[in-house]
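The values are calculated or read from the model by the stated rules, or taken from the named source; none is laboratory data. Given the structure is predicted, the values throughout are model-derived calculations rather than measurements. Glycine gets a Cβ as well: all are built from the backbone with ideal geometry, and neighbour counts include every protein chain shown.
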Amino acid sequence: MIAEVIIQSNVKNLNRIFDYQIPNDLENQVKVGSRVFVPFGRMKTLENGFVIGIKETSEYETKEIASVQDESILSEERIELAKWMSKRYFCNISDCLKLMLPPGTSNKEITKRVKEKNINFVTLKKEIDEIEYDIEIGKIKSDKQIRTLQFIIENGDVLVSELEMFADTSRAVVNTLCKNGYLEMIEKQVERDPFEGKDIVKTEKLELNSEQQKAYNEIANSMDDMLFSEFLIYGITGSGKTEIYLQLIEKTLQEGKSSILLVPEISLTPQTVNRFIARFGKEKIAVLHSKLSVGERYDQWQKIKRGQAQIIIGARSAIFAPVENIGLIIIDEEHDSSYKSETAPRYEAKEIARYIAKEKNIPLVLGSATPDLETMHRAEQEEIMLLKLTQRANSASIPKTEIVDLREELAHGNKSMISQKLYQAIQENLKNKKQTILFLNRRGYSTFIMCRECGYTAKCKNCNINLTYHSNKNKLKCHYCGYEMPILKKCPECGSEQIRYFGTGTQKLEAEIHKLFPEASTIRLDVDTVSKKNSHEQILDKFQTENIDILIGTQMVVKGHHFPNVTLVGVIAADGSLNIDDFRANEKTFQILTQVAGRAGRGKEAGRVIIQTYNPDNFAIECSKNQEADLFYQTEMSLRKQLKYPPFCDIILIGITSNNEKEVIEISQKLHQYMKKKLIEEKLGIILYSPVPAPIDKIKNKYRWRIIIKCKFDNNIMETIHQMLKEYEKMKKSNTRVIVDLNPNNMM
């Protein structure tokens, strides 16, 4: 018998089937979905492979499978999904299959389980970008060291014993990396149960209002019909979407089936999980997200695989959980950009969910107060059933929103980050013992450093990007590669001491709040404060349980959180998202402002929102102020149609990177010529733009160019791009890399 094997590799040339003879002694073990070790080419070591088919004979001379790693780890359905993803997202099948493996098991057979309670735990000491850069430039050469670091980057903090088990490394390698400052070892208690210590009071289901009941009935009827259908619950913030999810999942449980609920932010997961534990108990629930240890994720994965968990809650990758008897998929905050992967495979979780729901003939439910414009368009075209919720579930009023023109503040001599109106509102909130959220989507202390004498700006030595000042470390830092340098006291160009720090981040905002309101208690939620495990949950719990006066944060504070005592939300600078080089700038601004406003007045007290901006007449800001979602939708869709942007077309970004500028330009031009020739010969319905440098044209010492295509994505265009990638394999240089991203979220 012959096994059709896909080699586990991200090399494009290896994205094909290789035939291997199944030895007689392994015939009962090798099945479709098995992972095997095979000899490959001239390699002295055995390679990992996935068996995706079995047949009687082969036309080629074949080698034998050496051993079986896992007898049947992937179902045929998952293999078909991986093949579909490989074609659609222009990546290797093995890259897709790895998403469906148990956490931490992509390299080595599991032979034992960790049972110790107090044990050495390994965590990163340097920034991820800095480590990746050191690997890239060859500063770290040992394969075992690279594998160890990449495993921790992918899986988060791990136990030493788990690292040895899953990453095929040794304690000596870990010790060397600790000595060189890349890792550090701490002793802590192992908590393989992510729910351990949660003592949550049980809750009963709430009575639905008429709008909620109508939405529930439509979806429940679809479940009864056992046919695929897609729904969009378009509900204002606080309209009770989660209660509908809870009751739909309860119905799914009663039918003996399982559900997947995706949430966009890790910071949302604890609050969501707590609500579900309160309703259904711990036993039926599994949670999957990157802040769990690799061991915890592995245990949760096995719990799902065994059918012990019937409610799966998690971030984007939880859509690949090994659920056998699925009856419902829900994607909360469906508009969120985190559902699109920024690394290979560059998949969109909503598309994967739609594929699975169609295969299983089950409903797919999308929910948002600010739906993605592409989703709204599909609802308008009746591809999705639109279910509107226009009232807050507890009869709470919509918060009053006010706009502050920062130009007028400057004209009146106020140069601080806090307008007079926001200052008075915070004072009043403190007096009334109510809580405030201040939103600024920029971390750090100052966003750029400039010499007032000669105009010099401090830039990263590896990336064409300004360095950000972080006051807690007293350093300048690059948010792309992790490069750090000491603060500047003199200009390195002209020697002047007229060095000034411009722009504001959450650290600077926190410092200013301490000066303006020294009596107020504050807490900050951004990437810099949530690097440790459970830090999201601890910060949010502390804000609520200790009734801290002011929560300062980036977009982590925007979505989904329910704090009844928050009556004031201040948006420090609404213009940040307007100035990004992205056709979605207005949409993202409207979504962020509407979502952050929705955190105010969710209890009995009325809410108030103050938006500070230099562009008070911008229509996205105006529409968010007046809660005019339909007006925003119609206006933005009219612009998109004129400019041929999604949803009226698809965008394909072909990104070319190299540490050799001449090579990246040469390859970009050749790929463009190939596509131009195909456009003429095959009369492809595409708009092809000339290659240009990316907006950030250098990151981690790699030059970046891009080609943009606008089209209606179909099989012909898909095949043409696959052919283009094959041509690239013939012409590629060792330093050059090409990626293809379908409908990217990040155009930078």
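What the table shows:
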quantity: Candidates 611, 539, 621 - the one that is more than 25 Å from residue 639 (Cβ to Cβ), in contact with a Leu (Cβ under 9 Å, 6 or more places away or on another chain) and not aromatic (Phe, Trp, Tyr); calculated: 539
quantity: Filter result for the condition that a residue is at pLDDT 85 or above and either farther than 29 Å from residue 84 by Cα or small (Gly, Ala, Ser) (or both), over 140, 119; calculated: 140
quantity: Odd one out for residue 573, checked against (1) in contact with an Asp or Glu (Cβ under 8 Å, 6 or more places away or on another chain); (2) outside any helix (DSSP H, G or I); calculated: (1)
quantity: Some residue of segment 550-560 being of a type in the set (Lys, Arg), over 25 Å from residue 430 (Cβ atoms) and surrounded by fewer than 19 Cβ atoms within 10 Å (Cβ to Cβ); calculated: no
quantity: Leading residue by the ranking (surrounded by the most Cβ atoms within 10 Å (Cβ to Cβ)) among those in segment 674-705 that are acidic (Asp, Glu) and outside any helix (DSSP H, G or I); calculated: 697
quantity: Qualifying positions in segment 485-506 - among the polar types (S, T, N, Q), within 31 Å of the chain's Cα centre (by Cα) and in a loop (DSSP other than H, G, I, E, B); calculated: 504
quantity: Any chance residue 487 is over 30 Å from residue 158 (Cβ atoms) and buried (at least 19 other Cβ atoms within 10 Å of the Cβ); calculated: no
quantity: Residue 309 in contact (Cβ under 8 Å) with a residue 12 or more places away in the chain, closer than 22 Å to residue 81 by Cα and hydrophobic (A, V, I, L, M, F, W, C); calculated: no
quantity: From the options 634, 538, 627, 544, residue that is surrounded by fewer than 19 Cβ atoms within 10 Å (Cβ to Cβ), touching a residue at least 60 places away in the same chain (Cβ under 8 Å) and not acidic (Asp, Glu); calculated: 627
quantity: Of all residues in segment 702-735 being modelled with pLDDT of 90 or more and among the aromatic types (Phe, Trp, Tyr), the one that is farthest from residue 89 (Cα to Cα); calculated: 703
quantity: Test set (1) modelled with pLDDT under 95; (2) surrounded by 14 or more Cβ atoms within 10 Å (Cβ to Cβ); (3) in contact with a strand residue (DSSP E or B) (Cβ under 9 Å, 6 or more places away or on another chain) - residue 517 fails condition number; calculated: (1)
quantity: Among (1) under 28 Å from the mean Cα position of the chain (by Cα); (2) in contact (Cβ under 8 Å) with a residue 40 or more places away in the chain; (3) under 18 Å from residue 104 (Cα atoms), the one test that residue 150 misses; calculated: (2)
quantity: Pair list, Cβ under 8 Å, 6 or more apart: segment 515-527 residue outside the structural domain of residue 482 (by TED's automatic domain parsing) and within 11 Å of residue 548 (Cβ to Cβ), other residue charged (D, E, K, R) and not in a strand (DSSP E or B); calculated: 520/549; 521/546; 521/549; 522/510; 522/549; 523/542; 524/510
quantity: Among residues of segment 154-182, those that are part of a helix (DSSP H, G or I), among the acidic types (Asp, Glu) and under 27 Å from the mean Cα position of the chain (by Cα), counted; calculated: 2
quantity: Conditions (1) touching a Ser or Thr at 6+ places or on another chain (Cβ under 9 Å); (2) touching a residue at least 40 places away in the same chain (Cβ under 8 Å); (3) farther than 19 Å from residue 101 by Cβ; (4) not acidic (Asp, Glu): number failed by residue 287; calculated: (3)
quantity: Selection from segment 435-483 of residues that are touching a helix residue (DSSP H, G or I) at 6+ places or on another chain (Cβ under 8 Å) and outside any loop (DSSP other than H, G, I, E, B); calculated: 435, 436, 437, 438, 439, 446, 470
quantity: Residues satisfying the stated conditions in segment 1-57, i.e. of a type in the set (Val, Ile, Thr), in contact with a Lys or Arg (Cβ under 9 Å, 6 or more places away or on another chain) and free of Cβ contacts under 8 Å to residues at least 60 places away in the same chain; calculated: 38, 51, 52, 54
quantity: Cross-chain or 6+ apart pairs with Cβ under 6 Å, segment 480-505 first and under 12 Å from residue 469 (Cα atoms), then among the basic types (Lys, Arg) and in a loop (DSSP other than H, G, I, E, B); calculated: 500/452; 505/442; 505/443
quantity: Within segment 77-93, tally of residues that are crowded, with 23+ Cβ neighbours inside 10 Å and under 27 Å from residue 295 (Cβ atoms); calculated: 1
quantity: Failed condition for residue 596, given (1) surrounded by 17 or more Cβ atoms within 10 Å (Cβ to Cβ); (2) assigned to a loop (DSSP other than H, G, I, E, B); (3) modelled with pLDDT under 90; (4) within 25 Å of the chain's Cα centre (by Cα); calculated: (2)
quantity: Matching residues in segment 548-575 - criterion: being modelled with pLDDT of 90 or more and either out of contact with any Gly (no Cβ under 8 Å at 6 or more places or on another chain) or not assigned by TED's automatic domain parsing to the domain that holds residue 618 (or both); calculated: 548, 549, 550, 551, 552, 570, 571, 572
quantity: Residue within segment 473-494 that is aromatic (Phe, Trp, Tyr) and modelled with pLDDT under 90 present; calculated: yes
quantity: Residues being in contact with a Lys or Arg (Cβ under 7 Å, 6 or more places away or on another chain), surrounded by fewer than 21 Cβ atoms within 10 Å (Cβ to Cβ) and either assigned to a helix (DSSP H, G or I) or not polar (S, T, N, Q) (or both) - total across segment 310-366; calculated: 4
quantity: All strands (runs of 3 or more DSSP E) inside segment 1-65 with 3 or more residues being surrounded by fewer than 18 Cβ atoms within 10 Å (Cβ to Cβ) and in the same structural domain as residue 343 (by TED's automatic domain parsing); calculated: none
quantity: Filter pass, residue 418 being among the β-branched types (Val, Ile, Thr), at pLDDT 90 or above and assigned to a strand (DSSP E or B); calculated: no
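Every residue, every condition in (1) in a strand (DSSP E or B); (2) under 30 Å from residue 600 (Cβ atoms); (3) touching a strand residue (DSSP E or B) at 6+ places or on another chain (Cβ under 6 Å), yes or no:
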site	(1), (2), (3)
222	no, no, yes
227	no, no, no
232	yes, yes, yes
238	no, yes, no
244	no, yes, no
249	no, yes, yes
253	no, no, no
260	yes, no, yes
264	no, yes, no
